[in-house]
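Novice: Got a structure here, written out as structure tokens. Questions coming.
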Amino acid sequence: MPALNNAEMSALLGEPVEDSAPPAAAAPPSAPASSAAPVAAAAPAPSGPISAEVAKWVAEGKKWSKSTIAAEQARRGRKGLAALTASEVAALLGEPATAEAPAAAAVAAPVAKPVVAARPAAGPPSAAMSVSQSGESTTYVGTPAVGTSRAAASAGLASVGPEDNDINQGRRRFAWAAFAAFMTAWFIAFFRFFLPRTLFEPATSFKIGYPADFGLGVDTKFQQKFRIWVDRTPDRIFVIYARCTHLGCTPDWKPAENKFKCPCHGSGYDSEGVNFEGPAPRPMDRAKVEIAPDGQILVDVSKLYQWPKGQPSQFNDNGAFLST
């Protein structure tokens with residue numbers, strides 16, 4: 001059986017039927033050959049006029065693609081303008097004017113056979129015909145132009161985001177909160193990089209009171225705060241720096257034994273800090289002392305007096321003690 005032509009397919013699809021030449025009726029079997037002449041197919045339908053705007057575009061030689069045609073159709077639909085006709089689309093694409101294929105003329109035959117008009121060749125419609133018939137920007141007409149939302153819409157791609165429901169809103173809030181927390185932590189770490197990393201150590205110079213505040217013997221009340229002992233003898237006051245000369249541990253004052261004892265390796269020192277037992281190589285150091293303008297004792301642990309083994313002692317130097 002003959003295939004459906006374009007007009008028949010448009011009618012079945014509910015689309016506007018284009019003017020086409022009606023197929024010639026079949027001649028009766030007994031008709032003579034001379035009767036085949038009036039059965040010839042009608043002339044092709046006119047392609048239709050082209051607007052001045054389209055004629056101007058064609059004259060400019062501008063190249064149009066299928067995606068560009070679809071975008072123009074969408075623009076016209078949004079602005080309420082008339083859609084491009086098949087002839088205009090064909091002119092912009094550089095294709096021949098769209099028309100139905102003329103029916104083949106019936107050839108008279110000497111034999112008595114029915115003459116049937118040839119139907120149009122069954123084949124896919126041209127691009128111009130498909131674009132002009134649809135008139136919708138969401139119909140796929142070719143490869144969409146990259147990076148344009150109009151061409152994406154004309155290619156049938158979704159132009160709206162996800163549904164705005166409670167679940168999606170919660171996800172967006174969580175994502176933004178996580179992003180904000182990350183950026184806040186990053187900026188804090190960035191600015192912290194420029195702040196100095198200082199170690200706050202106790203002052204090396206400080207006052208400990210008046211000379212009359214100390215009695216004979218060893219005073220340990222400044223051991224925890226300044227790591228010193230104040231030692232007073234009948235003729236002088238001096239300050240012992242509480243650090244073992246063996247490995248730097250802090251010895252303990254033993255009042256019952258009247259000595260300093262290192263808990264690390266057993267070094268022993270007398271009440272004036274002079275070593276007499278254990279692995280300590282020399283006596284403990286003494287800090288610089290002087291009388292401040294207000295009459296208090298000013299101690300400076302940045303200046304220490306030592307008594308190296310086998311060398312002269314510095315304990316009698318000026319600043320190593322205060323005379324009483």
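Novice: Defining a contact as two alpha carbons under 8 Å apart and six or more residues distant in sequence, what relative contact order in percent does the range 200-265 show?
Specialist: Working: 75 pairs, mean separation 11.6, N = 66.
Taking the mean separation of contacting Cα pairs over the length of the range 200-265, I get 18 percent.
Novice: Among M183, M1, M284, M9, which comes first, second and so on when ranked by fewest other beta-carbon atoms within 10 Å?
Specialist: Values: M183 10, M1 3, M284 24, M9 14.
Lowest count first: M1, M183, M9, M284.
Here, each number is a calculation from the coordinates, and none is a lab measurement. Not measured: the values here are computed from a predicted model. Positions of Cβ are generated from backbone atoms using ideal geometry, with glycine treated the same way; all protein chains shown enter the neighbour counts.
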